[in-house]
Amino acid sequence: MEAIKQNLIDKLSVEQIKIELMRTAFGRQSTFLSRFDPRILIIWYSFFAIAPWFIHNKFILLGLLVPIVALTLSSKVSPLVLIIMGIGLISEISYILLGSLLFGGSLASFWPLMTLTLKILLISLASIAVFSSMDPEKLSDALLSLGMPAQFSFGVSYGYRMLPILIEEYHNIIHSFRLRGRSPQRKGIFGWRSLVYLATISVRAFYPLILNTAKRTRTTVEALEVRGFTYSLVSPDAKKLKLAYLRIRPLDFVFLGCSLCYMIALAVAGQHFSL
């Protein structure tokens with residue numbers, strides 16, 4: 001029991017959370033979806049991000065959910081992300097069920113309310129499967145190749161890269177506050193004094209974090225300008241050289257074709273079956 005408790009504490013440590021976020025944000029290169037061109041993945045994902053909002057047949061939604069779950073599992077998604085998603089899903093189902101029963105409904109009224117939850121689950125899993133299989137550089141270049149403004153595509157890549165740095169910075173600031181500060185001598189009932197102390201330094205840590213981030217951003221901007229970043233945004237030759245490695249292969253068309261055939265078959269089956 002003690003070993004399980006220690007293992008759980010290790011899994012929930014700030015360092016472990018940071019590692020899991022970095023694995024998710026920077027993508028895995030050995031997954032099934034990582035074999036395809038990032039532009040094809042964005043087009044494929046766009047369908048699953050928009051189409052479920054216009055589908056109300058739960059048979060079709062469940063049919064779409066099956067391959068999405070398989071692709072999510074093949075993407076080796078971080079267990080932390082799946083646990084957080086599972087907690088959110090369970091809490092949503094619980095309050096829908098509770099609200100249905102409190103306002104005089106029954107399980108018969110609960111089932112139609114699950115349509116929205118099913119749509120959100122479908123879109124969330126598709127997002128996790130696709131974006132955990134692409135590193136920030138590929139995502140940024142794919143957006144640029146699809147015609148998005150260079151500043152926007154760079155902002156997406158920069159945001160991805162800044163995420164682990166900000167977590168590391170915040171962690172260090174919290175440590176410095178705890179080393180220089182004085183924790184309460186008596187913890188109080190249920191440790192409320194310690195909780196108030198930790199909450200206080202957690203809020204105060206945001207101020208130096210903002211200042212340090214501003215300094216890092218300025219340094220990054222100066223470094224990019226030295227390397228000719230602004231010129232590369234307007235130069236067609238620089239853009240062509242940057243995107244030269246992107247290739248759409250026959251395998252990408254096979255993936256899109258199989259997905260299209262499956263969705264057509266599902267739509268036809270949905271005409272005869274409805275949940």
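Looking at Leu179, Leu209, Leu144, can you tell me which residue is in contact with a Phe, Trp or Tyr (Cβ under 7 Å, 6 or more places away or on another chain) and part of a helix (DSSP H, G or I)?
Selected residue: Leu209, the only one of Leu179, Leu209, Leu144 that is in contact with a Phe, Trp or Tyr (Cβ under 7 Å, 6 or more places away or on another chain) and part of a helix (DSSP H, G or I).
When each of Ile165, Ile173, Ile60 is tested for being assigned by the TED database to the domain that holds Pro208 and over 19 Å from the mean Cα position of the chain (by Cα), the lone residue that passes is Ile173. When the stretch 187-224 is filtered for residues that are over 19 Å from Ile174 (Cβ atoms), surrounded by 14 or more Cβ atoms within 10 Å (Cβ to Cβ) and β-branched (Val, Ile, Thr), only Thr220 remains. The sole residue among Ala238, Ala265 that is open to solvent by 50 Å² or more (accessible area, probe 1.4 Å) and either within 30 Å of Ala142 (Cβ to Cβ) or in the same structural domain as Tyr158 (by the TED database) (or both) is Ala265.
Considering Phe131, Phe152, Phe103, the condition of being within 27 Å of Phe206 (Cβ to Cβ) and open to solvent by 60 Å² or more (accessible area, probe 1.4 Å) is satisfied by Phe152 alone. Selection of helices (runs of 4 or more DSSP H) fully inside the stretch 218-275 by the criterion of at least 1 residues being at pLDDT 85 or above returns 250-270.
Restricting Lys138, Lys76 to those that are farther than 30 Å from Val268 by Cβ, open to solvent by 30 Å² or more (accessible area, probe 1.4 Å) and touching a Lys or Arg at 6+ places or on another chain (Cβ under 8 Å) reduces the list to Lys76.
Contact annotation: residue pairs with Cβ atoms under 9 Å, 6 or more positions apart or on different chains, pairing a residue in the stretch 188-199 that is farther than 14 Å from Phe177 by Cα with a partner that is in a helix (DSSP H, G or I) and open to solvent by 50 Å² or more (accessible area, probe 1.4 Å), are Gly188/Leu195; Gly188/Val196. When restricted to residues that are in a loop (DSSP other than H, G, I, E, B) and closer than 14 Å to Ser74 by Cβ, the stretch 27-54 contains 7. Note on the stretch 155-166: residues that are under 12 Å from Leu209 (Cα atoms) and either modelled with pLDDT of 80 or more or open to solvent by 90 Å² or more (accessible area, probe 1.4 Å) (or both) total 1. From the list Thr200, Thr213, the lone residue that is polar (S, T, N, Q) and more than 26 Å from the chain's Cα centre (by Cα) is Thr200.
Determine which member of the set Val81, Val69 is in a helix (DSSP H, G or I) and modelled with pLDDT of 85 or more. Exactly one residue qualifies, and that residue is Val69.
The values are calculated or read from the model by the stated rules, or taken from the named source; none is laboratory data. All values derive from a computational prediction rather than experimental measurement. Glycine also receives a Cβ, built like all others from the backbone with ideal geometry; neighbour counts cover every protein chain displayed. Just so you know, the surface numbers come from the protein's heavy atoms only, side chains and all, with ligands and any DNA or RNA stripped out. Shrake-Rupley method; radii C 1.70, N 1.55, O 1.52, S 1.80 Å.
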